[in-house]
């Protein structure tokens, strides 16, 4: 690693923050400083992460040369040597063990162009079915539930600014005050009207602002939704004409919900029957009301069913597909929305198409200029893929783009062990993340302000993020890396474009006719500042800010109620592990923290992992505020600083997951997977709390 | 292997749940061939919601547990409107009243309970059937009879001030009936409540227009006139709803020579004294269970489904910790565990709040830091929290008062009256981690307005929630410098 020169720009550039899905508008100055910009999602606000985002452009931690592991150590190497080595090993593995011996892991922070080309690279250049991405750990449950209910998944099927006119908003497992702070501005209307409800086991900063905070036991959100639905029907609040005209399947859902009267649900969740009825009433009396879910509801082995339960509630009240009301999912990662549409997911092709669908294969193969039957079928989902690495019949090489799996995947000790069983681990990274530290080859790549690319924000609006500054010497774009490898793997020159706009033009063609149709979007239209929400089926089409107003995307135009039952956490508490741990985020860090831990201003504010615990629970474990505690689950143990928080449930502890080494919260988490989305159960596992050995 | 024949006698809350749980584990009937026999003419319904039907907030069709296609969809041989006459244990078959018979490999008694009718002159005819104008409160048909008979505004007497009697009374009062509850004990719900709680509950119900005659028996019933009580007083009633308790229906079991006491005796595998015959729900008597509630029946159905499908042959039922919840509009009452412990009882820590004027009563019984019992009336949040502690065996928080009141006391958030009182380290702007101290420093360094403070520290440039706080600090700084 070498020190990079001060980046320079010729002029200030309107851009977007490199972190979360809110994609706050900001201006990058010539001096590579940012100032907030008026943009609908952030309305001129920026959080500390956004303000400090340029720090990483000039960080001494930037990688500027490829690294190859020699004699057990990562040593600088030339691009030619690194790419030659990777290509040669991949070809050898493929020859010996078949194409599925090579796997690819992507990320929800990658641009649309990268996501698209990564999927194409896996299917065409490597011929492997083994590709998935960390979006599986993000909003996959909401995506699957949205597909079931509406026939289509777009996180928010309406512009975020619509929330301003809401009379009531119910946030389920969402903590935007911490995860996307400027978002909170859109909650003010409902808040002022007295009907902002936050559902979260913890009294988070978001819950603090709510008019009503419901604190269900971790893993019981589904039962809570059933209880509120029961109250809706029992109190005569069902929107019968909407249910009749715009939906199907209510009866089967009611048969289940009928068994979840609020008093019974109170016993399961700990949310009082009175509060359940209150939420039913306030949603029903509101003209404009929204139900929004996020990771708290979704990151469970029953994540899809949980989201379905909340969508059922929204449907029973007639909210989705009505202007001024609706259901939505708050996507987390920067390009969490676009990242799930263009083919880096195991079962997917660009345009949000299914890889198992013959017509989809035919269309995409023709755009790619390859025979449809050469495309592999669906592969393993993210955790299953990681868990298979280096095992009998599993992949022997892994290429990682835009993800730090050794910190962000569940049961991370096991993931690290699997990585160590690989013949070859290659990462493309900005800095030496914890995953890159384990790699055989590390390729230094550009970041947001150093390259062109499009992002699709949480509303399904496509944004152009233009190159503002030159990258440090020695750094290449992910597109360059993919092209360089593809050619070495025998792909014709030009099949993997290195220019983002060219890649986007190809993506448009590949997405044409698919559910997420980008074919009418051009860089020119984006440069003009058009607000384009997909689908945009042709260049004259104005885009689709609000979906489902006339019909839902199922063939019959109706939304579907999905019958779901409460089953509870995969790993309940017991005598050995009497507490439930839940994991989440802090404002100062993003995802695995690989980037934000390198920004001094952020890291100084929250430098290490902590465990939030009720003072009585801490005391019983012989711990006081500020002590080091050992948090142990069946899978591993984490050392964390105790924070006594009086509003915590006594049987619940909370840890943020952004920290490395033995501070990883994911050493604890349970990789039990949702049967549909394959989402791991990040949000609840059984643990015990003890004094850290050697602590005072 | 051919599926084993399981026959369930009874299609109420327990029998229907068992069928559902079996099919959840064995969706295609590969392990269990299921026959369900119900004596009512319609599909199973949720008995718990009957008081809502009486109260008029739910329609009878809304409380159905199964639709018409349920049995066909799940490959279940469902026989409605018939019942078993006799069990032939030797031949392993059940004779039905319609003359047919069904063979079984395993038989499940889920026959429930029947209303107990108190010995009141004129209440029953010579066949033991209720006289005209008197209705039990047990089945959907009973509800329909009540609704037919109870003209809006008509006087109604409810015999029995237990849980179900009060739910019926509240439902009827909500429809505008003038309701009088006649109850032999000195206070209502005496099984679950102490006298103090009973008093507050009766007062609260009184506010909904319900009268009480406590410590009184009905001596005589005259249709069209009402009840004469043991003290000679009179309760005018067009309708008498009988809710004086239930008795387990053990007729079949007794006829078959199965061991029975108050109910059919079962062990932890829910087996009766015949290893091929099981019993669940109200008709069963397990050492760890109070009957008459749905929770034990459902938990038993869960265990028995594991056993009968072979999903988990080690599954056992160990009893249910019961939480009683009154389902009555506008009243929030939970009772659990030891509710009759008194302050001063050995080894128990007992707290009590008695606030009849506001309809609140809260009693908490702790043993060794664990919740051993509670009555929570009119304090909904406390009920929810205490129940969680009780069910999960979590030690109670040291702040007992907060627990009893259902509200954690303020946590000392930065709620200082004046910016001057705020500690320097207090975070004013969360979005940008800006403390009061940093704002003061910026002010001293020359930022002399809110806008300048914002540009110097970034305070208020995130979600903007702290704008008022920053303004307050700026005003305070301006006034002190």
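The values are calculated or read from the model by the stated rules, or taken from the named source; none is laboratory data. All of these numbers come straight from a predicted model, not from anything done at the bench. All Cβ positions, even for glycine, are placed from backbone atoms using ideal geometry, and neighbour counts span all protein chains on display.
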ask   = So how many residues does segment A:311-364 have that are in a helix (DSSP H, G or I) and either assigned by TED's automatic domain parsing to the domain that holds residue A:292 or in contact with a strand residue (DSSP E or B) (Cβ under 9 Å, 6 or more places away or on another chain) (or both)?
value = 15
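Kindly provide the set of residues from segment A:144-199 that are without any contact (Cβ under 8 Å) to a residue 24 or more places away in the chain and more than 14 Å from chain B (Cβ to nearest Cβ), ordered by number.
Matches in segment A:144-199: A:147, A:194.
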message = Being within 27 Å of residue A:218 (Cβ to Cβ), within 11 Å of chain A (Cβ to nearest Cβ) and modelled with pLDDT of 85 or more narrows it down to one residue among B:380, B:410; which is it?
response = B:380
remark   = Counting only strands (runs of 3 or more DSSP E) wholly inside segment B:221-304, the ones holding at least 1 residues that are over 23 Å from residue B:164 (Cβ atoms) are B:226-229, B:234-236, B:277-279
query = Mind checking which residues of segment B:43-72 are farther than 18 Å from residue A:236 by Cβ, part of a loop (DSSP other than H, G, I, E, B) and either touching a residue at least 12 places away in the same chain (Cβ under 8 Å) or within 10 Å of chain A (Cβ to nearest Cβ) (or both)?
reply = B:43, B:44, B:65, B:66, B:67, B:68
ask   = Based on what the data block shows, is residue A:596 under 25 Å from residue A:133 (Cβ atoms), within 13 Å of chain B (Cβ to nearest Cβ) and touching a helix residue (DSSP H, G or I) at 6+ places or on another chain (Cβ under 9 Å)?
value = yes
task = For residue B:115, state whether it is within 22 Å of residue B:171 (Cα to Cα) and within 14 Å of chain A (Cβ to nearest Cβ).
result = no
request  = Restricting attention to segment A:650-668, report how many residues are outside any strand (DSSP E or B) and in contact with a helix residue (DSSP H, G or I) (Cβ under 8 Å, 6 or more places away or on another chain).
outcome  = 9
request  = Give the residues of segment A:365-384 that are assigned to a helix (DSSP H, G or I) and either in contact with a helix residue (DSSP H, G or I) (Cβ under 9 Å, 6 or more places away or on another chain) or modelled with pLDDT under 95 (or both), sorted by residue number.
outcome  = A:365, A:366, A:367, A:368, A:372, A:373, A:374, A:382, A:383
note = Exactly one of A:541, A:566 is free of Cβ contacts under 8 Å to residues at least 40 places away in the same chain and not assigned by TED's automatic domain parsing to the domain that holds residue A:221, and that one is A:541
message = Looking at segment B:219-240, can you tell me whether even one residue there is surrounded by 20 or more Cβ atoms within 10 Å (Cβ to Cβ), closer than 30 Å to residue B:263 by Cβ and touching a helix residue (DSSP H, G or I) at 6+ places or on another chain (Cβ under 6 Å)?
response = no
ask   = Being closer than 25 Å to residue A:434 by Cβ, within 12 Å of chain B (Cβ to nearest Cβ) and outside any loop (DSSP other than H, G, I, E, B), is that true of even one residue in segment A:30-44?
value = no
inquiry  = Residues that are in a helix (DSSP H, G or I) and under 18 Å from residue A:84 (Cβ atoms): does segment A:446-455 have at least one?
reply    = no
query = On the given criteria, is residue B:171 within 16 Å of the chain's Cα centre (by Cα) and either at pLDDT 95 or above or surrounded by fewer than 24 Cβ atoms within 10 Å (Cβ to Cβ) (or both)?
reply = no
remark   = Note on residue B:376: of the conditions (1) outside any strand (DSSP E or B); (2) under 30 Å from residue A:234 (Cβ atoms), unmet is (1)
request  = Could you tell me whether any residue of segment B:78-95 is within 14 Å of chain A (Cβ to nearest Cβ), under 30 Å from residue B:311 (Cβ atoms) and either within 20 Å of the chain's Cα centre (by Cα) or surrounded by 15 or more Cβ atoms within 10 Å (Cβ to Cβ) (or both)?
outcome  = no
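Just need a number here: residues in segment A:208-222 that are touching a residue at least 40 places away in the same chain (Cβ under 8 Å) and either within 23 Å of residue A:193 (Cβ to Cβ) or within 13 Å of another protein chain (Cβ to nearest Cβ) (or both).
So the first thing to find is which residues in segment A:208-222 are touching a residue at least 40 places away in the same chain (Cβ under 8 Å), and the list is A:212, A:214-222.
Subset that is either within 23 Å of residue A:193 (Cβ to Cβ) or within 13 Å of another protein chain (Cβ to nearest Cβ) (or both): A:212, A:214-220.
The number of residues fulfilling the criteria is 8.
Among residues belonging to segment A:45-54 that are at the interface with chain B (Cβ under 8 Å from one of its Cβ atoms) and in contact with a strand residue (DSSP E or B) (Cβ under 7 Å, 6 or more places away or on another chain), point out the one that is farthest from residue A:589 (Cα to Cα).
A:45
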query = From B:128, B:75, which residue is at positive phi, away from chain A (no Cβ under 14 Å), surrounded by fewer than 17 Cβ atoms within 10 Å (Cβ to Cβ) and modelled with pLDDT under 95?
reply = B:128
query = Inside segment B:429-475, can you point out the residues that are closer than 16 Å to residue A:588 by Cβ, in contact (Cβ under 8 Å) with a residue 24 or more places away in the chain and either buried (at least 22 other Cβ atoms within 10 Å of the Cβ) or away from chain A (no Cβ under 14 Å) (or both)?
reply = B:429, B:431, B:432, B:434, B:457, B:458, B:459, B:461, B:462, B:463
task = Among what's in segment A:130-156 and is touching a strand residue (DSSP E or B) at 6+ places or on another chain (Cβ under 9 Å) and part of a loop (DSSP other than H, G, I, E, B), pick the residue that is surrounded by the most Cβ atoms within 10 Å (Cβ to Cβ).
result = A:139
message = Restricting to segment A:607-659, and then to whatever is free of Cβ contacts under 8 Å to residues at least 40 places away in the same chain and within 24 Å of residue A:409 (Cα to Cα), can you tell me which residue is nearest to the other protein chains (Cβ to nearest Cβ)?
response = A:607
task = Starting from residues that are in contact with a strand residue (DSSP E or B) (Cβ under 9 Å, 6 or more places away or on another chain) and free of Cβ contacts under 8 Å to residues at least 24 places away in the same chain, keep the ones in segment B:350-367 and report whichever is nearest to residue A:579 (Cα to Cα).
result = B:367
Matching residues, segment B:279-300, being out of contact with any strand residue (DSSP E or B) (no Cβ under 9 Å at 6 or more places or on another chain) and within 14 Å of chain A (Cβ to nearest Cβ) = B:294, B:298, B:299
ask   = What residue, of B:150, B:141, is at pLDDT below 95 and touching a helix residue (DSSP H, G or I) at 6+ places or on another chain (Cβ under 7 Å)?
value = B:150
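Are there any helices (runs of 4 or more DSSP H) wholly within segment A:234-276 with 2 or more residues that are within 8 Å of another protein chain (Cβ to nearest Cβ), and if so which?
Of the helices (runs of 4 or more DSSP H) lying wholly inside segment A:234-276, those with at least 2 residues that are within 8 Å of another protein chain (Cβ to nearest Cβ) span A:250-257, A:262-269.
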